[in-house]
Amino acid sequence: MKHSSVVIKSLSQAYEVIKEMNLDNDQGESDYRTAGRRSLEMILEGRMQERVSASTVSRVAQSLDTAVAAFHRRPIKRQYRFLITDGVVLKRKTGAGSVKRVVLVALGIREEGRKEVIDFSVAPGESQGAWETFLTDLYRRGLS
């Protein structure tokens, strides 16, 4: 069996793999594991046109975690004309049925009118505490 070296080097690469796993409704959150390592293995084999080892699948899963975590920790340097926040309730199908998840989202509108997701966070609900934690983190990282 030929072993390939696969590393996810950017959030866009991570998002593409997550999207192929049909988990983009979770906005890239690290819950791709719930789809199972087998799903990730099938996607990688389809993209690479060859079999992948269990260790390759594990390395890619770790790379996804790293890319998503880096996105959530990155400094926010851009200035935005408008800030839009919203809590979105998403349903996910699991082996045990459907699960609802709340995702807090901060969307920035740049000077030229372009929309950009600044960050997102899976939260237990849209409580004042959840919003304060989310917005405080954005402020701490440079959102002004």
Exercise. In region 21-65, how many residues are over 19 Å from the mean Cα position of the chain (by Cα), at pLDDT below 75 and not aliphatic (A, V, I, L, M)?
Worked result: 6
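Identify, please: which residue in region 135-144 is touching a strand residue (DSSP E or B) at 6+ places or on another chain (Cβ under 9 Å) and either free of Cβ contacts under 8 Å to residues at least 40 places away in the same chain or among the basic types (Lys, Arg) (or both) and is, among those, farthest from Ile76 (Cα to Cα)?
Filtering first and then ranking leaves Asp137.
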Seminar exercise, completed: Within region 92-125, residues being touching a residue at least 12 places away in the same chain (Cβ under 8 Å) and either assigned to a helix (DSSP H, G or I) or within 30 Å of Ser39 (Cβ to Cβ) (or both) number 19
Seminar exercise, completed: Here the residues within region 45-63 that are touching a Ser or Thr at 6+ places or on another chain (Cβ under 7 Å) and either within 30 Å of Leu138 (Cα to Cα) or in a helix (DSSP H, G or I) (or both) are Met48, Thr56
For this session: Can you tell me which residue among Ser121, Ser63 is polar (S, T, N, Q) and under 16 Å from Phe134 (Cα atoms)?
Result: Ser121
Exercise. Can Ser58 be described as assigned by TED's automatic domain parsing to the domain that holds Leu44 and either closer than 30 Å to Glu45 by Cα or surrounded by 14 or more Cβ atoms within 10 Å (Cβ to Cβ) (or both)?
Worked result: yes
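The values are calculated or read from the model by the stated rules, or taken from the named source; none is laboratory data. In this text, all values refer to a predicted model and were calculated from it rather than measured experimentally. Counting neighbours? That spans all protein chains shown, and the Cβs are built from the backbone with ideal geometry, glycine included.
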